[in-house]
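Below is one structure, written out as structure tokens; the observations come after it.
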Amino acid sequence: MRPSVELPLVERFRLLIARRLGLQFEDAKRAWLADLLVRHAESAPCDIPTYLARLECGAARDEIGALAQELTVSETYFFRNIEQFHALRECVATDRLRARAATRCLRILSAGCASGEEAYSIAMTLRDMLPDPSWELVIHAIDLNPAMIRKAQCARYSSWALRETPIDMQQRWFRRDGSNLVLDDTIRAAVRFNERNLHDDDSEWWPSDFYDVVFCRNVLMYFTPQGARSTVARIARALAPGGFLFLGHTDTLRGLSQDFHLRHTHGTFYYQRKNPRESAAADAQPEDTCLSDVTSPMISRSEEGADDWVEAIGKAAERVRMLTAQAMLPSSRGTASSAGCDSHLGRVFDLFREERFADALGLVQALPPESAQAPDMLLLNAALLAHSGQFNPAEAACQRLLAIDPTNAGAHYVLALCCEAAGDQIGARGGHQRAVHLDPGFAMPRLHLGLLARRSGDLDAVRRELGQALLLLQREDASRLLLFGGGFNRDALLALCRAELCASAGVL
Ligand SMILES: C[S@@+](CC[C@H](N)C(=O)[O-])C[C@H]1O[C@@H](n2cnc3c(N)ncnc32)[C@H](O)[C@@H]1O
């Protein structure tokens, strides 16, 4: 960090960036932020406190744009994650065309559009899908970075930007001009670009129930948790009920929203806004999906501010540790009843550890109804039922939990185990993939995906999934292994992984 910049000023700058742009920077980036602060104050020109004060009072709108050019990552290309465009064409658009038959207009938003490749890819994908010329397709595209918006409006690209573009699309929609490829006016005309900040709650961009589809890919990952949550809330509001949201491959809504179902088609995940009725009645059973090849019930999160389940299970494990420690003290033996539900849970975990699943199940099922409906108890119940081979009630318990907390990766995992038990490999693979998508650090679904791949002879997938499982198992939370390890401890699961990997290597 430059010696001339005091740490409190850099912190003020970092806070301001988080508040105005929603962007998050770690401590390791402080020196870089200090350098940026000095350069921008010098070119303003003013001293650093004055520069910060101007930004804080919201006077320097252009300056926010100038900062955005340096603070944001604008990597993009045409047809990035092409399977999402297949899903857009074959499931999402057909669904929305049906829903909009009366108004004959589809409205799409590319939020964080960078230099326009995403919005134009949407336009190329949907171009021939409108039933007749009376239909209108409007694609709005917004980005914070003014340089990116200018580039998008020029619609001139290097061939590198078209590296994933199907050849027929290249031939149909681009013409060469020197070393550039220029996009056809028909596609350009379908997209309206605007410089906008996703963190401004601007009613012009976020009218209620307005968009049919929103793409917000590879944007949320740079946001603060609060920034991501408020952006997703804005998107949910602006999407028509039943409208769709595409996120980047590494983004999930876990912990961010309870307003969406998770959809899984064409080897990709995306989200569909629930009807307000469904959002309100979180304790209702999930509805059947409206898309024929969708395999997932739904996704979102338990009550706002509630712990996510990893945390909940972590806390439960902590309670168990405390209870176990207490139980070791002779004077406290026999007094566990005062701890009520906690002692119950402690006993359940003990029985779990001893692999006395039926006894543990008996205890969970003896809980008063108000405790039995708590998400961690439902999960415990579902896991115990699955461990005891009672797959139908386990599945029902998972569905009850998913109706309350659809982002519960553990419930998707147990549901996948039920599918495995029923010989439904496709359903099992889908469930494990959902669990991994929701919680990329969850080792057990990776292990199962590896084992399923081995059964179907997909050696690449065996290596990929078991390799990941091997890494994740080493640092997997102990309580999760206890809950989901099927009675195997960490060492046994690691040994299983290694043995399966060796066996698959022998096949090569
Ligand atoms: C990595 S690009 C993603 C481009 C495209 N969505 C894709 O997935 O290929 C991220 C874009 O988000 C934009 N962005 C970041 N924060 C933003 C904000 N608060 N408002 C609007 N755009 C933002 C950046 O300027 C950048 O162009």
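The values are calculated or read from the model by the stated rules, or taken from the named source; none is laboratory data. Bear in mind that the values here come from a model prediction, so they are computed numbers and not experimental data. As a convention, Cβ positions derive from the backbone with ideal geometry for all residues, glycine included, and neighbour counts pool all protein chains shown. Areas reflect the complete protein model, heavy atoms only, side chains present, ligands, DNA and RNA absent. Shrake-Rupley method; radii C 1.70, N 1.55, O 1.52, S 1.80 Å.
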Exercise for the section: As a check on your grasp of the helix formula, calculate [θ] at 222 nm for the chain: sum -39500 (n - 2.57) over DSSP H runs of n ≥ 4, divide by the residue count, round to the nearest 500. Expected result: -16000 deg cm²/dmol
Practice task
Just read off the accessible area of V364 with the full protein assembly in place, 1.4 Å probe, to the nearest 10 Å².
Solution key: 10
Exercise for the section: Tell me the label-point distance for the pair F25, M129, using the 7 Å Cα-to-Cβ offset, in nm and rounded to one decimal. Expected result: 3.9
Problem - Solvent-accessible area, 1.4 Å probe, carbon plus sulfur percent, for the stretch 82-251 - result: 48
Completion exercise
To the nearest 10 degrees, the tilt of helix 117-126 (Cα long axis) against the first principal axis of the alpha carbons of the chain is 80
Exercise for the section: Calculate how many DSSP beta bridges within the chain are antiparallel, expressed in % of all such bridges and rounded to the nearest 5. Expected result: 45
Practice task
Take A147, project a point 7 Å from its Cα along the Cβ direction, then tell me which residues of the stretch 169-206 have their backbone nitrogen under 17 Å from it.
Solution key: 195-196
Exercise for the section: Take the Cα gyration tensor of the stretch 31-152, multiply each eigenvalue by 5, square-root it, and list the three semi-axes largest first, rounded to whole angstrom. Expected result: 41, 15, 10
Problem - Solvent exposure of the stretch 7-71 as accessible area per residue, Å², 1.4 Å probe - result: 51
Exercise for the section: Under 1.5 on a/c is rounded, so check that first for the stretch 82-251, then, if it is not, pick prolate when a/b is larger than b/c and oblate when it is not; a ≥ b ≥ c are the square roots of the alpha carbon gyration tensor eigenvalues. Expected result: oblate
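For A396 and Q425 in the same chain, what is the full-extension length gain: residue separation times 0.36 nm, less their Cα-Cα distance, in nm?
In short, 8.5 nm is gained.
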Practice task
Treating the angle as unsigned and between 0 and 90°, give the value, to the nearest 10°, between the Cα long axis of helix 309-328 and the longest Cα principal axis of the chain.
Solution key: 30
Completion exercise
Place a point 7 Å from the Cα of A503 in the direction of its beta carbon; the residues of the stretch 445-483 whose amide N falls under 11 Å from it are 451-452, 454-455
Exercise for the section: Just subtract the alpha-carbon distance of D62 and D491 from 0.36 nm times their residue separation and send over the number in nm, one decimal. Expected result: 148.7 nm
Problem - Extension gain, E354 back to D35 (0.36 nm per residue minus Cα-Cα distance, nm) - result: 109.1 nm
Handout entry: I139 accessible area, assembled protein chains, probe 1.4 Å, Å²
Key = 0
Exercise for the section: Give me the accessible area of E354, 1.4 Å probe, in Å² rounded to the nearest 10. Expected result: 100
Problem - Whole-angstrom Cα spans of the chain along principal axes, big to small - result: 77, 60, 52
Problem - Sequence ranges 115-121, 373-379, ranked by mean other-Cβ count within 10 angstrom, highest first - result: 115-121, 373-379
